[in-house]
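Presented below is the structure to which this report refers.
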Amino acid sequence: MKRFISIEAAANDGSVEPFVLALEDQTAWIRNLSAQRLIMSDSCNAMPSCQQAVVAAANRLLHGQIAAERWEALDWLDVVSASIGDGKSGPNGLTPLANSNVRDLWTTALSDPNLMVADRAFGQLEMYDFFRHSKSGECIEVVPELRKSARWTAAEAKNGIGMSGFTTLSVCIP
């Protein structure tokens, strides 16, 4: 805990460098919090070198031998694939980090030997593509375990989205 507090203190002047260095920390929760701070940071999203550092660290984890670390990389990417809101400059509120390089990471993870990792990657990739390319009034339901998704208008989704009985991700763009 003290180590992460010292990382945050070092970054208190607006510098992203302490968090970038922490992406290589041996402690998973320190890496995870650092990645989330960077992904949500306007400073990191404005700096290609910071964005590249996050993508490179996630790529390293996704190509590792430990399934928990590959899952951790997907934790980071989950923040990238979620619509954050009007405060972010990407399509439908995505962070600027949500670019084609990040999409390649999900594509890589689709063939993970651990099916839970691969299924999660499918769900995140579908949500990413949905937020990147959909318009107001469109909805999606994703069933990662089946590697299937369906898109509807908000009116069509009113009576049926989320009714499959499987684990689903569903959202509509207002």
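The values are calculated or read from the model by the stated rules, or taken from the named source; none is laboratory data. Keep in mind it's a predicted model, so treat the numbers as computed, not measured. All Cβ positions, even for glycine, are placed from backbone atoms using ideal geometry, and neighbour counts span all protein chains on display.
If you check Ala35, Ala46, which single one turns out to be within 25 Å of Asp104 (Cα to Cα), of a type in the set (Gly, Ala, Ser) and within 16 Å of the chain's Cα centre (by Cα)?
The unique qualifying residue is Ala35.
Can you work out which of the residues in region 1-48 that are in contact with a Pro (Cβ under 6 Å, 6 or more places away or on another chain) and modelled with pLDDT under 90 is nearest to Ala73 (Cα to Cα)?
The qualifying residue nearest to Ala73 (Cα to Cα) is Asn45.
Working only within region 1-24, note down all residues that are buried (at least 17 other Cβ atoms within 10 Å of the Cβ) and of a type outside the set (A, V, I, L, M, F, W, C).
Pro18, the sole residue that qualifies.
Each row is one residue, and each column tells you yes or no for (1) within 11 Å of the chain's Cα centre (by Cα); (2) of a type in the set (A, V, I, L, M); (3) modelled with pLDDT of 85 or more.
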residue	(1), (2), (3)
Val79	yes, yes, no
Pro96	no, no, no
Asp104	no, no, yes
Asp112	no, no, yes
Phe122	no, no, yes
Arg147	no, no, yes
Arg151	no, no, yes
